[in-house]
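A quick write-up on the structure given underneath.
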Amino acid sequence: MFRSTNSLRASLGAAALFLAAGCAEQATPPPSASAAPPPANAANVPQLAGAWYQVYFDTNSLALDERGQMIVKTVAHVVANTDTTRVTVIGKTDRVGAEPANMALSQRRAAAVRDALITAGVPATRIDTGWTGETRQDVATANDIAEQRNRVVDITVVKQSR
């Protein structure tokens, strides 16, 4: 009985200290949000102005479907509402077909999306275009495996500081 009484007292003492510590922490006011320093080089870091978008394609196709056209309109709207944005367009392909043909196809897909953005009102001077063919896939596959998630053009909209 002596051991259980001492154990009980020790447990109660620890609980009391724990509660006291919790109360002391609550009594300290949280730091104000305005007191937090800004990131070291926040002015030099681009900020996302819109989002990251993906336009998917059918096998060996350059046609933008209804969803792709909606994305182009969305990006054009984002760019129209801020004069410090840049758009990056990167074309990709799956691994069906020869690598040189896929590189050319990814270039043509990127150009198709770039041209659709220009038609929708995005200034050509604010669009950077690139392509990777089958070398940078979203879903790793073996050769000659059709994977729609790799037949894509990635679009990013970035706000740049002046």
Inset, instruction - Looking at (1) buried (at least 19 other Cβ atoms within 10 Å of the Cβ); (2) over 18 Å from the mean Cα position of the chain (by Cα), find the lone condition where residue 75 falls short. - result: (2)
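Within 22 Å of the chain's Cα centre (by Cα), under 25 Å from residue 147 (Cβ atoms) and assigned to a helix (DSSP H, G or I), is that true of residue 89?
No.
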Legend entry - Meets criteria (surrounded by 13 or more Cβ atoms within 10 Å (Cβ to Cβ), over 20 Å from residue 65 (Cβ atoms), touching a Lys or Arg at 6+ places or on another chain (Cβ under 9 Å) and not charged (D, E, K, R)) for residue 135: yes
Inset, instruction - Answer with yes or no whether residue 94 is part of a loop (DSSP other than H, G, I, E, B), modelled with pLDDT under 95 and surrounded by 21 or more Cβ atoms within 10 Å (Cβ to Cβ). - result: yes
Inset, instruction - Could you list all residues from the range 111-144 that are of a type outside the set (Val, Ile, Thr), over 23 Å from residue 82 (Cβ atoms) and in contact (Cβ under 8 Å) with a residue 24 or more places away in the chain? - result: 112, 131, 133, 134, 136, 137, 138, 142, 143, 144
Inset, instruction - For residue 118, indicate whether it is farther than 26 Å from residue 145 by Cα, assigned by TED's automatic domain parsing to the domain that holds residue 144 and surrounded by 13 or more Cβ atoms within 10 Å (Cβ to Cβ). - result: yes
Legend entry - residue 64, sole failed condition from (1) surrounded by 13 or more Cβ atoms within 10 Å (Cβ to Cβ); (2) more than 28 Å from residue 141 (Cα to Cα): (2)
Inset, instruction - Quick one: count up the residues across the range 150-162 that are within 16 Å of the chain's Cα centre (by Cα) and among the charged types (D, E, K, R). - result: 2
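The values are calculated or read from the model by the stated rules, or taken from the named source; none is laboratory data. This is a predicted model, so every value here is computed, not measured. Here the Cβ is made from the backbone with ideal geometry for all residues, glycine too, and neighbour counts use every protein chain on show.
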